[in-house]
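Peer 1: One structure coming up, written as structure tokens, with questions to follow.
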Amino acid sequence: MLFRSVIASVLLLVLAGCDKQVSSNGQAEVAANSTATAAATAPAETSKIDRSHKGEAAPTLSFEDPAGKPTTLATFKDKPVLVNLWATWCGPCVKEMPTLDQAAATITVATISQDKDRPTVAAFFAKEKFTRLQPYLDKELGFSLAYNASLPMSILFDSTGKEVWRSTGGMDWTSAVAKAALAEAK
């Protein structure tokens with residue numbers, strides 16, 4: 001029972017961080033007003049980059065690889081990786097995915113969905129036709145719990161598995177500021 005309470009609390013925190021609205025029929029919808037759209041498409045800001053955890057080791061949490069098999073961040077050993085925590089129901093998450101796909105041409109990007117089922121994520125990836133991103137899945141919300149995440153959240157790890165920085169909120173990963181931040185990983 002305690003575990004369910006913790007999960008429910010985390011989901012409420014995650015939902016609070018995502019830009020969505022509830023329609024009159026109770027369904028979650030991406031905010032359509034111009035303020036939300038402008039915020040989701042704004043260029044990356046250096047103020048969004050948090051370096052206070054620099055040097056911390058990557059978590060050893062298990063999540064599913066694109067084939068549905070258990071994996072960890074150790075899979076990306078010896079190369080920098082940008083971990084992106086996202087969900088199909090999160091407007092800013094969905095908005096930044098095409099720019100993440102473009103960024104994946106220069107750095108490994110692990111998009112780890114916080115959705116509960118693989119078919120939802122697979123359908124999203126099929127619809128969007130990403131050329132570089134792969135659909136990883138964290139059904140147990142381990143990363144959201146470990147990072148107290150508001151989605152989207154991205155964490156850059158260097159080739160030794162140490163955190164370089166983290167960012168919360170939608171980003172344009174093709175902007176000059178984002179490219180410079182990604183270049184910090186060695």
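The values are calculated or read from the model by the stated rules, or taken from the named source; none is laboratory data. The shown structure was predicted, so the numbers you read here are calculated from the model rather than taken from an experiment. For neighbour counting, all protein chains shown are included, and Cβ atoms are generated from backbone atoms with ideal geometry for every residue, glycine included. What goes into the accessible areas is simple: the full protein's heavy atoms, side chains included, and nothing from ligands, DNA or RNA. Shrake-Rupley method; radii C 1.70, N 1.55, O 1.52, S 1.80 Å.
Peer 1: How would you rank 141-147, 118-124, 83-89, highest first, on the average number of other Cβ atoms within 10 Å across their residues?
Peer 2: Ranked by mean Cβ neighbours within 10 Å, highest first: 83-89, 141-147, 118-124.
Peer 1: When the accessible area of the stretch 38-166 is computed with all protein chains present and a 1.4 Å probe, what percentage of it is carbon and sulfur?
Peer 2: 53
Peer 1: Let's test the formula: R0 of 25 Å, r as the Cβ-Cβ distance of Lys129 and Ala57. What FRET efficiency results, to the nearest 0.05?
Peer 2: 0.10
Peer 1: Report, for the stretch 57-135, the % of DSSP beta bridges that are antiparallel, rounded to 5.
Peer 2: The antiparallel proportion sits near 20 percent.
Peer 1: Does the stretch 60-186 come out rounded, prolate or oblate by the C-alpha gyration tensor, with a ≥ b ≥ c the root eigenvalues, rounded set by a/c under 1.5 and, if not, prolate when a/b is larger than b/c and oblate if not?
Peer 2: Since a/c stays below 1.5, the shape of the stretch 60-186 is classed as rounded.
Peer 1: Among the listed pairs Lys48/Lys69; Lys116/Lys186; Lys48/Lys77; Lys139/Lys162, which have their C-alpha atoms separated by more than 31 angstrom in this model?
Peer 2: Lys48/Lys69; Lys116/Lys186
Peer 1: Report the extension gain between Ala183 and Asp50 in nm, rounded to one decimal, defined as 0.36 nm multiplied by the number of residues separating them, less their alpha carbon distance.
Peer 2: Using 0.36 nm per residue and subtracting the Cα-Cα distance, I get 46.4 nm.
Peer 1: Using the Karplus curve 6.51 cos²θ - 1.76 cosθ + 1.60 with θ = phi - 60°, what ³J(HN,Hα) values do you get for each residue of the stretch 130-141, in whole Hz, with x for Gly and Pro?
Peer 2: Those phi angles translate into 5, 9, 10, 6, 10, x, 8, 9, 10, 4, 8, 6 Hz.
Peer 1: Work out from phi, with θ = phi - 60° and the Karplus expression 6.51 cos²θ - 1.76 cosθ + 1.60, the ³J(HN,Hα) of each residue of the stretch 177-186, listed in order in whole Hz, and give x for Gly and Pro.
Peer 2: Per-residue couplings from phi come out as 5, 5, 4, 5, 5, 5, 5, 5, 7, 10 Hz.
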